[in-house]
Every structure is written in C-alpha cells, then in structure tokens.
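The structure under discussion appears below in the form of structure tokens.
The values are calculated or read from the model by the stated rules, or taken from the named source; none is laboratory data. Please read these numbers as outputs of a predicted model, since none were measured by experiment. Every residue, glycine among them, receives a Cβ derived from its backbone with ideal geometry; neighbour counts consider all protein chains shown.
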Amino acid sequence: MTGEQEPEETGEKLKQATHIAIVNDEPEMSDLISHALRKGGFTNVTKHERNIGLIEEWRNDGGLPGLIFIDMMMPQRSGVEFLQELLSFCEAQRVQKPKIIFLDSAGTPAMREAVSKIQDQEGHENVGHIVLPFQHRELLATVRGVLGMK
C-alpha cells in the first residue's frame, strides 16, 4: 500500500516545492494562470510583469525558479530574447536550467516554429508551449509534462 501512495506523495511535494514564475506583461492573464496553477495544487507561484533585470532579481533572491512561463511577445523584449539571456546566465553560472513554458497569444506558424527550434535545442521534455487563451486542463497537463509528472 505504501508503494502505491509514494508517486502521489512525491507529486504533491513537487507541486509545493517547485517555484513557478509567470513572466507576462498582462496582469489579468498572469492572474488566470496563477489561479489555474493553485487550483492544480501548485502553491509557490510568483508573477512578473517585466523581463528586464529579472534574472538578477532571482539571483539575489536565492535562485532561479524551477519552471518559468514566458510570454513570447513582451513590450521590452521578446520571450526568445529573454530565454537566450537566461540560458547564457545558466551556462556562465553553471546552474541548472529551469523548465520553460512559452505563452503564445498569436498561435502563428512562425511562433510555433520558433518554439519548435527551442524545443529541439533544449529538449521537448524541458520546453512547453501554450496558445492563449488556454483550458485549465491543458495548462496543468503541460506543466505536469514539463516537470516530469504523470
């Protein structure tokens, strides 16, 4: 009986321990994502409306999140540019790369292609993609998949 409960307990611990950051310039969308994550049991969620200076902020606050939702189309710079800075930081500092889920409000072939290239480079298991608007189940399934939860 204990063996049957361990995966569920491990999943619950992962949900509570994983810091999930939402980087999106639209507070309403960040609130919807945060709400869906919390309903799904993920309790350590932060929201950020800018992607400039954010890596340094995380570094000063004790480390990078385990999973980052990145809006593809931010006003300061694109999500891809932010990801490039993040990956360079991880390589230079020799820290583990966070898992990534791109938020895509356009859903265009060009956006899908950009995400596909990043998935090919970083591994499909490490990078997810959600076209907005989203369904709660889709969002949670993507999060579980990227975090390696079944």
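How many residues are assigned to a loop (DSSP other than H, G, I, E, B) and either surrounded by 16 or more Cβ atoms within 10 Å (Cβ to Cβ) or not charged (D, E, K, R) (or both) if we restrict to the range 76-102? The number of residues fulfilling the criteria is 6.
Let me confirm something: among VAL95, VAL45, which residue is closer than 22 Å to HIS124 by Cα and of a type in the set (Val, Ile, Thr)? Answer to the check: VAL95.
If you take the residues of the range 103-116 that are surrounded by 12 or more Cβ atoms within 10 Å (Cβ to Cβ) and among the hydrophobic types (A, V, I, L, M, F, W, C), which of them is modelled with the lowest pLDDT? For the range 103-116, the residue satisfying everything is ALA106.
Yes/no matrix, rows are residues, columns are (1) surrounded by 15 or more Cβ atoms within 10 Å (Cβ to Cβ); (2) among the basic types (Lys, Arg); (3) within 13 Å of the chain's Cα centre (by Cα):
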site	(1), (2), (3)
PRO27	no, no, no
ILE33	yes, no, yes
GLY40	yes, no, no
LEU54	yes, no, no
TRP58	yes, no, no
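Considering the conditions (1) surrounded by 11 or more Cβ atoms within 10 Å (Cβ to Cβ); (2) modelled with pLDDT of 95 or more, ARG137 is excluded by exactly one of them, (1).
Yes/no matrix, rows are residues, columns are (1) at pLDDT below 95; (2) within 19 Å of HIS129 (Cβ to Cβ); (3) of a type outside the set (Ser, Thr, Tyr):
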position	(1), (2), (3)
MET1	yes, no, yes
LYS13	yes, no, yes
GLN16	yes, no, yes
ILE20	no, yes, yes
GLU28	no, no, yes
ILE33	no, yes, yes
GLY62	yes, no, yes
LEU67	no, yes, yes
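Taken over the range 103-149, residues that are part of a loop (DSSP other than H, G, I, E, B) and farther than 15 Å from ILE33 by Cβ amount to 9. May I ask you to verify whether LEU14 is assigned to a helix (DSSP H, G or I), in contact with a helix residue (DSSP H, G or I) (Cβ under 8 Å, 6 or more places away or on another chain) and within 20 Å of LYS150 (Cα to Cα)? In short, yes. Restricting attention to the range 70-96, the residues that are charged (D, E, K, R) and touching a Gly at 6+ places or on another chain (Cβ under 6 Å) add up to 1.
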